[in-house]
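Q: Dumping the structure here so I can ask a few things about it.
No lab work stands behind these numbers, since they all come straight from the coordinates. The structure displayed is predicted, hence computed values, not measured ones. Reconstructed Cβ throughout: ideal geometry from the backbone, glycine too, with neighbour counts over all protein chains shown.
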Amino acid sequence: MFKLTPVLLSLVLVVSYIKASPILKQLNDDEDTVEISANTLEAPPKSKDVIDLSFYGTALFGKPDHKDTAELVANYKMENSSVNPEELGSYLEGDILVPTDGVTTKNGLTTQSSRWPNAVVPYEIRGNFNGQDMAIIEHAIAEYHRRTCIRFVPRTSEQDYISIVSGNSGCWSSVGRVGGKQEVNLQSPGCLTKPGTAMHELMHALGFLHEQNREERDAFVSIQFQNIQPSAKSNFDRASHTMAFGVPYDYGSVMHYSSTAFSTNGQPTIIAMQPMGDARMGQRDGFSDKDIEKLNRMYDCPASGNVGGGQSSTAGNSAVDNALINSFVSGIMTGLGFGDNSVA
């Protein structure tokens, strides 16, 4: 009888993993390609290029919510709300979603994604955005270019790319490069009332999770489960592994929830355990310095200098600066009469 030696067995396991990997390109489109199920055993990630999301399980996957989430975001008023629009969603942690309509490939559902190769993200804008919406989106992209080596480039024929859309389903994105066309949804105007929301969703697409779900978060925040909506308690689960690249916990991250996110009674759901933390949580004016540090470490950007080909990313480029820049750009767009022009 033929026996598998340890060497042959290792080769079989390697080949099996390669077939299941969402990171490697499909070599062909043959109809007899075997579909890998969501329960396929995956090898643990071996580098920062691989993003292991297995602790989420199948909660990553679903359909855009065109009813409840759409209504909440449509009625969102920044001046009357203590939370951000992306914290209104019925999705995993409010805004993480891999839509199951039209995106299940022959690799099946996977609990891994990856980094974008060479820090280049092909993208298209397909949403029905007006001039002010476009100013917010373009400003978000410009901030990535200014402060990191990450480049969003117009898509030509790339197989893997981001499509920025404006469906009536709230603010959401998948995490990392999942393969093929992946949507970043920014319902207008709710998801484009703050410059940091577009940055937040694109940071998800680049591979980052929410700050308050970090594995070490209990040393920095106290989660008030008694104040959380019963259906949203799982949104506050701690990650089993944090992709922070050695950057300390950051109350001011554009990826941090507001202090009353998913509150059922208006009371805080997150309380900072360090001075001034409460005042910084949930800001959506722009990147914090630690956000930039994480992005640059994940994507191997230069440690110093003009990483984005523009101004230096050193101190002084604050979230307040981003808010002022956005206000200025939006004012110009409106003054030129572009505020009501739709962009297909």
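Q: Which of the peptides 230-241, 113-124 is most tightly packed, and how do the rest follow, going by the mean number of other Cβ atoms within 10 Å of each residue? Show your work: numbers first, answer last.
A: Numbers: 230-241: 14.4, 113-124: 18.0.
Averaged packing, sorted descending, gives the order 113-124, 230-241.
Q: Using a 7 Å offset from the Cα along the Cα-to-Cβ direction at both Lys233 and Val120, what is the distance between the two label points in nm, to one decimal?
A: Between Lys233 and Val120, the simple spin-label model gives 4.8 nm.
Q: How do the peptides 130-137, 245-252 rank, highest first, by the average count of neighbouring beta carbon atoms within 10 Å per residue?
A: 130-137, 245-252
Q: At Thr58 and Thr156, where each label point lies 7 Å from the Cα along Cα→Cβ, what is the point-to-point distance in nanometres?
A: 4.1 nm
Q: Where Rh is the Kirkwood radius over the Cα pairs of segment 165-214, the temperature 25 °C and the viscosity 0.890 mPa s, what D in µm²/s does Stokes-Einstein return?
A: In µm²/s, the coefficient rounds to 218.
Q: With contacts defined as alpha carbon pairs under 8 Å and 6 or more residues apart, what's the relative contact order of segment 86-191 in percent?
A: Taking the mean separation of contacting Cα pairs over the length of segment 86-191, I get 34 percent.
Q: Report the paramagnetic label zone for Asp68: residues of segment 202-242 whose backbone N is under 18 Å from a point 7 Å from Cα along the Cα-to-Cβ axis.
A: So the set is 227-237.
Q: Continuing with this model, one more query. Round to the nearest 0.05 the FRET efficiency obtained for Met273 and His241 when R0 = 30 Å and r is the Cβ-Cβ distance.
A: 0.85
Q: Given Lys63/Lys181; Lys67/Lys233; Lys63/Lys290, which pairs have Cα atoms separated by over 26 Å?
A: On the way: Lys63/Lys181 15 Å; Lys67/Lys233 21 Å; Lys63/Lys290 32 Å.
Beyond 26 Å between Cα atoms: Lys63/Lys290.
Q: With all distinct Cα pairs included, what does the Kirkwood hydrodynamic radius of segment 144-300 come out to in Å, to one decimal, could you say?
A: Details: mean 1/r = 0.0604 Å⁻¹.
One decimal place: 16.6 Å for the Kirkwood radius.
Q: Highest mean first, how do 86-95, 262-271 rank when packing is the count of other Cβ atoms within 10 Å averaged over residues?
A: The most tightly packed comes first, giving 86-95, 262-271.
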